Each structure stands twice: as structure tokens, then as C-alpha cells.
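Comments concern the structure below.
The values are calculated or read from the model by the stated rules, or taken from the named source; none is laboratory data. Note that the structure is predicted; figures quoted are calculated from it, not measured. With ideal geometry, Cβ positions are generated from the backbone for all residues, glycine too; neighbour counts draw on all protein chains shown. Ligands, DNA and RNA are stripped out before the accessible areas are found, and what is left, the full protein with its side chains, is counted by its heavy atoms. Shrake-Rupley method; radii C 1.70, N 1.55, O 1.52, S 1.80 Å.
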Amino acid sequence: MTTGTPADAPAESQAGGPDPATGAGPRRLARQRRRRSVVRFWTRYRTHRAGLVGLAALTLFALVALTAPLTVGSDVAGVTDAPGQPMEGPSGEFWLGTDRFGRDLLGLLVWGSRVSLLVGLLAAVLSVAIGTLVGVTAGHFKGGYATVLMRVTDWFLVMPTLVLAIALATVMSRSLGTVVLAIGVTSWPTTARLVRAQTLAVESRPYIERAKALGGGHWHVMSRHVLPNVMPLVLAQATLMVSAAILAEATLAFLGLGDPTVVSWGGLLQEAREAGAVSSGDWWYLVPPGIAIAAVALSFTLCGRAVESVLNPRLGVDR
């Protein structure tokens, strides 16, 4: 009687190839597990009514932004051949009226969604990437390195984020890249704190000690064991950060620190203020961009809370 792997078993099975019982190799099994995880996530997510409402609204905004070149065209922002008279009220021809140059405000609102959503997404990705890098490395290495990183993080936490973003946007050139950088490098500390706490919890588990005992280096432990376990938290934080980034972009544009050559929702509000829409009662110049900013921020917040609840049911987030 023999023990171990039978002599007639396929060699690829002995080397971690396809399972003789299922005929599936490691890569195929990994893909199947990922598909099952996605199905489980969606099954739980769709039980959150508020999350579904937020997802439907975001889908609508994304479609509007993507189809803007077809629906309104890039020439909607031109001031030399504006189709209407300055500051016309809503009418059958201009549903949301015109701005101070006679441009169609509905077309500007649709075209501005591209910039606002793009800047918000890019700034949120940059912020979460910096926070994840700082949090994982500080939780893994500990010691003096972690102490220095956490003191820097604390300094950013106590400083007003908007003030730092305004300072960066002021000293750098006025462009979309500057706005993304200003928001991203000033809003990462909260993510870093959350990720570091989760990293410390993961590092205390027995399988991390076994991985280190078997010769796993720092990069192996962080990339193969720590990062996959903190990714659910990172994903939930990213969805919540997008709404904050969109509001920050609108604020910077309203203060005149955005790119003056592009149309954004915050830029429309800034132009309305300069045109005296508040004192003259031209509500159609102010209300639509403000509602659009609030609706997108609320939609991302609803999605973020739903994702957070699905990935961590113990939070008890209301549906």
C-alpha cells in the first residue's frame, strides 16, 4: 500500500496544475472565486434601496457626461457665436435660460458634468492611493518610520483641508491637473488612519506570522496578505471620497482657482456670482449647478454607505 500522490496521477496535478476531480486549474479556480464574490456582493448590495437609488443616479450622470459631445457639442462653451441674449430667463428655446454671454445654460450644465465628474474621480483616486500607501507601510513597518508618517498625517489632519488646497492652487498654474493635485494631496490623512488601523489588525493574525516564518519578505506580506484584506475598506472609502472631491472642486472653481478655459459646475456658480445673479434674482443661473453638485455628492454618499455596509455588515448601516 502506497501513500502520497498516485504514480499515475498527472504531473501537472502534482505541480499545482488542474485538479483531477474538477479539471480546473488554479487560475480558473481563482476566476471562479472572483465571480462568486462579485455575485455575492451584488446580491447584498441590491438589498440596499438607498444604494440602488444612488447607483441609478450616478449611472444617469455618467451617461449624460459621456454623451455630451453628441447631445450638446463642444461649441456650446463658445462666447463668440452664442445663440441667445445675455441673461435670458427659461423659455421653450432655452429651458434653463442663458448666461451673461448668451450661452445655453442647459448645454453648459451638461458639458460641465464631464469636468466635475472627471476631476472628482481623479482626485479621489489620488487621495485614496496616497492614504493606502501611507497606512499600509506605517502599519507594517512600525517603529520610527511609522511614528514620522503618523506625525505628518496628524499635521495634515489638524490643518484645514480647504485652506491647504487653496494655497496649492494659488501658487501653481491654474489647470485641471493643479486642482486634482491640490485636492488629492490634502485629503488623504483620513484614509491613511483607517487603513493603518486595519493593517495593524491584519498583521496580528497567525497566518501573517506563518508567512514571515516561511521566508515571506515585506513586499510579499504587504501585497499578498495585507493589501487584499484592506481593499474592501479602501473601496468603501474611495466611494465616499469622490463626493468630497467633487465638492472641493466646485469650491475651488467658485473661488476662481480652477481652470478658466473649461466649463465646470463650480465655474458656472463663480460666473453667476460675477454676473450679479444673486442680487438680480436670476435664479436659473445659480440653482441648476448647485442642484447638480448636491445630487452627485449625495449619490456617491449613498453608494459609499451601501458598499460599506455590504463589506462590513457589523456597521449596521440603515438601508
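When each of ARG49, ARG103 is tested for being open to solvent by 10 Å² or more (accessible area, probe 1.4 Å), farther than 27 Å from ARG273 by Cα and charged (D, E, K, R), the lone residue that passes is ARG49. Checked against the criterion of being in a loop (DSSP other than H, G, I, E, B), open to solvent by less than 90 Å² (accessible area, probe 1.4 Å) and not acidic (Asp, Glu), the candidates LEU96, LEU117 yield just one match: LEU96. The lone criterion from (1) modelled with pLDDT of 85 or more; (2) assigned to a helix (DSSP H, G or I); (3) within 24 Å of VAL163 (Cα to Cα) left unmet by SER299 is number (3). A single entry from ALA213, ALA201, ALA275 fulfils the requirement of being more than 24 Å from VAL125 (Cβ to Cβ), more than 16 Å from the chain's Cα centre (by Cα) and open to solvent by 60 Å² or more (accessible area, probe 1.4 Å): ALA213. Every condition in (1) part of a helix (DSSP H, G or I); (2) surrounded by 15 or more Cβ atoms within 10 Å (Cβ to Cβ); (3) basic (Lys, Arg) is met by ARG174 except one, and the failing one is (1).
The residue list GLY102, GLY139, GLY97 contains one member that is out of contact with any helix residue (DSSP H, G or I) (no Cβ under 8 Å at 6 or more places or on another chain) and either touching a residue at least 60 places away in the same chain (Cβ under 8 Å) or on the phi > 0 side of the Ramachandran plot (or both), which is GLY102. What's the total number of residues in the range 121-158 that are farther than 12 Å from ARG196 by Cβ and among the small types (Gly, Ala, Ser)? Residues flagged as farther than 12 Å from ARG196 by Cβ and among the small types (Gly, Ala, Ser) within the range 121-158 amount to 6. When PHE300, PHE254 are checked against the criterion of being over 29 Å from LEU52 (Cβ atoms) and buried (at least 21 other Cβ atoms within 10 Å of the Cβ), a single residue qualifies: PHE254.
Residue-level check: of (1) closer than 23 Å to ASP99 by Cα; (2) within 17 Å of the chain's Cα centre (by Cα); (3) not aromatic (Phe, Trp, Tyr), ALA248 misses just (1).
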